[in-house]
Amino acid sequence: EDQVTQSPEALRLQEGESSSLNCSYTVSGLRGLFWYRQDPGKGPEFLFTLYSAGEEKEKERLKATLTKKESFLHITAPKPEDSATYLCAVPSHSGNTPLVFGKGTRLSVIA
Amino acid sequence: ETGVTQTPRHLVMGMTNKKSLKCEQHLGHNAMYWYKQSAKKPLELMFVYSLEERVENNSVPSRFSPECPNSSHLFLHLHTLQPEDSALYLCASSQGWGYNTEAFFGQGTRLTVV
């Protein structure tokens, strides 16, 4: 069964304190990994897609990287507005089915 | 705005009521999805429509009934729900439903069953 595991479950940072979120997956033959941001009571907002090991993508203070077994979302000098839940997802290996999501990492950035 | 609009944003309904959730996408996508999001659980896929045909139904109880009249609109008809069905219901769309397409989500409908 496909598994997507995100850690930590929750992370509290001081403003400016850089850190990383982890997404590990067990699906074989990865065909893309997706990162989303979700604010409370709202739908997930698409951030990045990564397709191959070694690939990196950046957006403002966020940088996503991918290896053969996991992905990291690095947050550099975060601000309070970066507080949200960050979700990772991969396509299921069972045919062309849509995304399997992790439980997310709830990030709080304190001023 | 993501180009995917859901209404209503909030809904409170009794267990004997019938209601419908609506989703509209303005992105020209040809695949649409319903997801359920409960507290402390990952997003759960409920239904997938591609070109207005249902292509996946993840063992969802029959009290949830989807309808896709065209590629821009998706409905979720609700009847005789249970309190444990209270959750955030999210609609999403994508260009195709293959593995290499990112999905764009609406803002969700917060459903409370009393």
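The values are calculated or read from the model by the stated rules, or taken from the named source; none is laboratory data. Remember, it's a predicted structure, so these values are computed and weren't measured experimentally. Cβ coordinates were reconstructed from backbone atoms using ideal geometry, including for glycine residues, and neighbour counts include every protein chain displayed. When the accessible area is computed, the model is the full protein with side chains, heavy atoms only, and any ligands, DNA or RNA have been set aside. Shrake-Rupley method; radii C 1.70, N 1.55, O 1.52, S 1.80 Å.
Cα centroid distance between segment B:36-114 and segment A:6-58, in Å?
Cα centres, segment B:36-114 to segment A:6-58: 23 Å.
Evaluate the charge dipole of chain B about its Cα centre and quote only its size in Debye, nearest 20, assuming +1 on the Cβ of each Lys and Arg and -1 on the Cβ of each Asp and Glu.
Working: 10 positive and 10 negative charges, 92 e Å.
Rounded to the nearest 20 debye, it is 440 debye.
Scanning chain A for trypsin sites (Lys or Arg not before Pro) in DSSP loops with at most 16 other Cβ atoms within 10 Å, what's the longest stretch left with none? Provide the component values of the computation, followed by the final result.
Values: sites that count: A:Arg31, A:Arg61, A:Lys68, A:Lys69.
So the longest stretch without any such site is A:70-111.
First measure r as the distance between the Cβ atoms of B:Arg54 and B:Glu84, then evaluate 1/(1 + (r/R0)^6) with R0 = 25 Å and state the FRET efficiency to the nearest 0.05.
On the way: r = 24 Å, r/R0 = 0.96.
So, using R0 = 25 Å, E works out to roughly 0.55.
Taking 1 over the mean of 1/r across every pair of different Cα atoms in segment B:1-61, what Kirkwood radius in Å do you get?
Numbers: mean 1/r = 0.0737 Å⁻¹.
Mean inverse Cα-Cα distance, inverted, gives 13.6 Å.
Please return the longest range in chain B lying between exposed loop sites, taking trypsin sites (Lys or Arg not before Pro), DSSP loop only, at most 16 other beta-carbon atoms within 10 Å, and leaving the sites out. Write out the running numbers ahead of the final one.
Details: sites that count: B:Arg9, B:Lys40, B:Arg63.
Longest site-free region, per DSSP loop and neighbour criteria: B:64-114.
With Rg and the Kirkwood Rh both taken from Cα atoms, where does Rg over Rh land for the protein assembly as shown? Don't skip to the answer; put the middle values down first.
On the way: Rg = 17.5 Å, Rh = 18.0 Å.
Dividing the radius of gyration by the Kirkwood radius yields 0.97.
Report the Cys residues of the protein assembly as shown lacking a disulfide-compatible partner, meaning no second Cys Cβ under 4.7 Å from their Cβ.
B:Cys68
By accessible area of protein heavy atoms, probe 1.4 Å, what ranking do B:His73, B:His29 get, highest first?
Working: B:His73 45, B:His29 20 Å².
Solvent-accessible surface, decreasing: B:His73, B:His29.
How many times 2.2 N^0.38 Å is the alpha carbon radius of gyration of chain A? All intermediate terms of the calculation are to be shown ahead of the outcome.
Values: Rg = 13.5 Å, N = 111, 2.2 N^0.38 = 13.2 Å.
Computed over Cα atoms of chain A, the ratio equals 1.03.
With label points built 7 Å along Cα→Cβ from the Cα atoms of B:Leu27 and B:Thr7, find their separation and express it in nm.
2.1
With a cut-off of at most 11 other beta carbons within 10 Å, and DSSP calling the residue loop, which GluC sites (Glu not before Pro) in segment A:14-71 qualify? Please list them.
A:Glu60
Considering the Cα trace of chain B, what is its radius of gyration and what is Dmax, both in angstroms?
Rg and Dmax of chain B, Cα atoms, are 13.2, 41 Å.
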